[in-house]
Amino acid sequence: MMKTVYTLVSSPHHVFPDHPERPARLDVLEPKLSSFEAERIEPQPATREEIAYVHDPKLVSALEEVCREQAPGIIDYAPTYVTPSSFQDALLSAGGVVTCARAVLHEEAKNAFAIVRPPGHHAEPDRAMGFCIFNNVAVATRDALANGLERVAIIDYDAHHGNGTQAAFLNDEQVAFLSVHQYQPGFYPGTGWVDEAPHARKRIVNVPLPARAGDHVYEQVAERIFTPFVESFKPQMILISVGFDAHWSDPITMLGLSTAGYLMLARKVMALAEEHCAGKIVFVLEGGYDPGNVANGAEAVFVAATGRGESETNDPNPHKEPDCESRIEEVRTWHGF
């Protein structure tokens, strides 16, 4: 039986005072990694050519220069920061996802989990934003296409809309993108409404949810939106942008998933990968700003990916979930699911 692999890019020098996207996010998880029945593989930094599959070379040069000459500092209002090491850290983070995706693509592993930072899904082709330098999942997706795949699907269940990934593939018929996220006035990044990509129905799918939406709502979304999305596109590989900031106790968001909810989602997308792309699936860390939640959520991913063990965390959402039936139906109707 083929194995589950993972890579770890903790970027200890990519750190800024009092910023939530910090190395300590991984402090609870890192000592536990050896207990999961998965094999660690070493990440290779992405090349500038691989980054340029997604990002304007002028942006790449500008980021390298600002890290060399002006760091540490803030480069966008999120606030996104850079340090002197951030350019190399971002190359290694993107490369970690590429390394995992190639292992799965070449059948050296059954599935993989890229535990990387800085995260990536807000980074657009022409700008870094939202704590993200390069769009890790987008770079790995383009690399998979360059290595022979014809269709790749990305499912993003970070608490925030994956605006950068959407922008990267808005007009790319080889890539389908689905994001389920918190959406309300003032919530970052302010994008991700149902009808944002009318030219790409069924291929660019946004599921905006109200605060406190949790395990029940997400299970309905997985069954009634994830499933027809994958069935209609027929991908050869699925990449998952998994942010553990949709947990009910995350310090900067207001959704309602529990660790059991994350395990349910991981199992749902694993089943879709088994049915439609021979199990080829790569999980990619995005957000999640409570170290305990990151560790528990990552454990849930490993339990699903390896089919071994069981998550023992019991942290149910104490808040009442909203009724999202009309929103789910709105999304299904818009896309003809």
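Derivation of every value follows stated rules applied to the coordinates shown; laboratory data play no part. Keep in mind the model is a prediction, meaning the values are calculated, not measured. Reconstructed Cβ throughout: ideal geometry from the backbone, glycine too, with neighbour counts over all protein chains shown.
Numbers at a glance
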quantity	calculated
The chain shape via C-alpha gyration tensor axes, a/c threshold 1.5	rounded
Charge dipole (debye, nearest 20) of the stretch 114-176; +1 at Cβ of Lys and Arg, -1 at Cβ of Asp and Glu	180 debye
22 Å tail of the calculated P(r), the stretch 188-318, as % of Cα pairs	37 percent
Among Ala146, Leu257, Asn163 - extreme Cα towards positive end, dipole of the stretch 4-335, charges at beta-carbon	Ala146
Cys324, Cys100 arranged by Cβ crowding within 10 Å, fewest neighbours leading	Cys324, Cys100
The stretch 181-211: chymotrypsin sites (Phe, Trp or Tyr not before Pro) in DSSP loop, at most 15 other beta carbons within 10 Å	Trp193
Alpha-carbon centroid distance for the pair the stretch 47-81 / the stretch 123-144, whole angstrom	11 Å
The stretch 245-260 - phi-based ³J(HN,Hα) in whole Hz, Karplus 6.51/-1.76/1.60, Gly and Pro as x	7, 7, 5, 5, 9, 4, x, 10, 9, 9, 8, x, 5, 10, 4, 4
For peptides 308-320, 136-148, sequence by mean Cβ density within 10 Å, most packed first	136-148, 308-320
Selection from Gln220, Ile238, Gly120, by position along the positive dipole direction of the chain (Cβ)	Ile238
Listed residues Pro72, Gly336, Ala46: farthest to the positive end of the dipole of the chain (Cβ charges)	Gly336
For Thr80, residues with placed amide H under 5 Å, excluding near neighbours	Ile75, Gly130, Phe131
From phi via Karplus (6.51, -1.76, 1.60), per-residue ³J(HN,Hα) for the stretch 145-157 in Hz, x at Gly/Pro	5, 5, 9, x, 6, 10, 9, 10, 10, 10, 10, 10, 10
Cut-off under 5 Å, modelled amide H: who pairs with Arg203 long-range	none
Burial ranking of peptide ranges 149-156, 24-31 (average Cβ count within 10 Å, highest at the top)	149-156, 24-31
Given charges at beta-carbon only (K, R positive; D, E negative), |dipole| of the chain in Debye	400 debye
Under-5 Å amide H pairs with Arg40, H placed in peptide plane, nonlocal only	Tyr6
Surrounding net charge for Ala273, when Lys and Arg each add one and Asp and Glu each subtract one, Cβ distance under 11 Å	+2
Candidates Pro23, Pro228, Pro251: whichever shows maximal mean-square fluctuation once the chain is modelled as a Gaussian network with Cα springs under 10 Å	Pro251
Per-peptide average of other Cβ atoms within 10 Å, ordering 87-98, 68-79 highest first	87-98, 68-79
Residues Val284, Val331, sorted so that the one with the fewest Cβ neighbours within 10 Å comes first	Val331, Val284
Lys pairs, the chain - Cα-Cα below 12 angstrom, 8 or more residues apart or on other chains	4
Formal net charge of residues neighbouring Val15 (Cβ-Cβ distance under 11 Å; K, R +1; D, E -1)	0
Radius 15 Å from Cβ of Ala78, net charge of other residues (Lys, Arg +1; Asp, Glu -1)	-4
Calculated from backbone phi, Karplus (6.51, -1.76, 1.60) coupling profile of the stretch 191-208 in Hz, x at Gly/Pro	10, x, 6, 4, 9, 6, 10, x, 6, 10, 4, 6, 9, 10, 10, 10, 10, x
